[in-house]
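Encoded as structure tokens, the structure appears first; notes follow it.
None of the figures in this text is laboratory data; all of them are computed from the coordinates on show. Since we're looking at a predicted model, the values are computed, not measured. Because the Cβ atoms are built from the backbone with ideal geometry, glycine has one as well, and the counts that use them run over all protein chains shown.
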Amino acid sequence: MSASQTLRPDLAVIADQIGAGTRLLDIGCGDGALMAELEQAKQVDARGMELDPAKVERCVARGLSVVQGDADRDLANYPNKAFDYAVMSLTLQTSQRPDMLLEEMLRVGTTVFVSFPNFAHWKTRTALMFGGRMPVTRALPISWYATENIHHVTIADFKQLAKEKGAEISRAWFFANERAISPLGANWRAEFAVFELSKRQD
């Protein structure tokens, strides 16, 4: 069974790009699904960081190398280019300082993958424009008062942040209804996005 059949769409895209036998740090690794897939399929040396202690416990019980940590603070403990890949999936918008976190990811990883929900999706815009309320959609299913999403990032916002941080975007993937869509008009058509980046070499 391929990664695309067992993983969430953004994780499946990332898994397909990871080289065999490489070192990877999964930041906000959740249940460790990506790590487990890559260890089994590609013999990747996968390490994880997760804030939720219950999820850390479940990962460790599966034999995964995961530590409890706060990415906003604890990435500073890793040396430069310690990993071939640094991954953060659907977590950047929950961090205290996404700008500083992206900077740290670009420091510890040679290649960085980031996925996030796109707050400029047309359903979100429509809910705000006509309903006057923060939207609850399939991609953003939690009401405003309970959501972990503390920063509302769009595809255009992320591209600008990458530019400010001296990062080069190698590739990007966009999804709606859990299916890949073309980049055309992605800032309003895509429910979530995946970006591959690296630090620009001056």
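Cut-off is 10 Å between beta-carbons; in what order do 10, 26, 16 appear when sorted fewest neighbours first? Mind dumping the intermediate values first?
Details: 10 23, 26 31, 16 12.
The order, fewest Cβ neighbours first, is 16, 10, 26.
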Cα pairs beyond 23 Å in the chain, in percent, come to 43
Starting from the Cα-Cα distance between residue 122 and residue 76, subtract it from 0.36 nm times their residue separation and give me the gain in nm to one decimal.
12.9 nm
The answer for residue 119, listing residues at least 5 apart or on another chain whose modeled amide H is closer than 5 Å to its amide H, is 153, 154, 155
A correct fewest-to-most ranking of 60, 44 by other Cβ atoms within 10 Å would be 60, 44
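What order do you get for 197, 38, 7 when you list them from fewest to most C-beta neighbours inside 10 Å? Before the final figure, lay out each step's value.
Working: 197 23, 38 26, 7 20.
In order of increasing Cβ crowding within 10 Å: 7, 197, 38.
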Rounded, prolate or oblate: pick one for region 36-94, where a ≥ b ≥ c are the square roots of the eigenvalues of its C-alpha gyration tensor, a/c under 1.5 means rounded, and failing that, prolate if a/b is larger than b/c, else oblate.
oblate
Kirkwood-based Rg/Rh on the Cα set of region 22-68 evaluates to 0.93
